[in-house]
Amino acid sequence: MAALETALIRLKRGQVWEVDFEPQAHKEEPGKRGLPALVIQTNILNQAGHATTIVIPGTNQVYRDAQGDGYPLRVSVGKLGDMTQETDLLVDQIRTISNQRLLGDKPLAALSRSHMKRVEDALRLLTGD
């Protein structure tokens, strides 16, 4: 997607976008093209047309333990909107990506308020806030 096109995209906090994470820098990072990622960047930057976006990568390799979904390292969001598979958000792998890594011209889904609260609570636990 060209830089001009990304300026036309209306990113919002809480949206899930399809993202091209290739090439990956470390084997621990999610690689693969076309994985979902949650926009957690403030809407102040999103509306300003900032060239990068802070996201939480998602994975289709879902994990379930006896307590649920591996919280707080992972938050399950299931299969929402236009997402093709169940997804876990990898909360400990926050990244800033170029907007040119966004695929498509609209989000796959938007998280509900309760899903966003769970993500925000996990972020607070992992960052010591």
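Only the coordinates and a few stated rules stand behind these numbers; no lab work does. As the structure is a computational prediction, the values presented were derived from the model and not from experiment. Because the Cβ atoms are built from the backbone with ideal geometry, glycine has one as well, and the counts that use them run over all protein chains shown.
Some points to look at:
- Angle between the chain longest axis and helix 113-127 axis [Cα atoms, degrees, rounded to 10]: 80
- Helical runs assigned H by DSSP (4 residues or longer) give the chain a calculated mean residue ellipticity at 222 nm of -5500 deg cm²/dmol, each run adding -39500 (n - 2.57) before division by the residue total.
- The slack in the chain from Leu103 to Thr127, taken as 0.36 nm per residue of separation less the alpha-carbon distance, amounts to 5.8 nm.
- Taking Cα centre as origin and charging only the Cβ of basic (Lys, Arg, +1) and acidic (Asp, Glu, -1) residues, the dipole magnitude of the chain rounds to 280 debye.
- Cβ-Cβ FRET estimate between Asn60 and Arg113, R0 fixed at 22 Å, reported to 0.05: 0.35
- The length gained on full extension between Asp92 and Lys12, counted as 0.36 nm times the residue separation minus their Cα-Cα distance, comes to 26.7 nm.
- Contour excess over end-to-end distance, with Cα ends at Thr52 and Arg33 and 0.36 nm allotted per residue: 5.1 nm
- Centre-to-centre separation between the Cα atoms of the stretch 92-129 and those of the stretch 66-84: 12 Å.
- Pair Glu120, Thr84: separation of 7 Å Cα→Cβ label points (nm): 3.3
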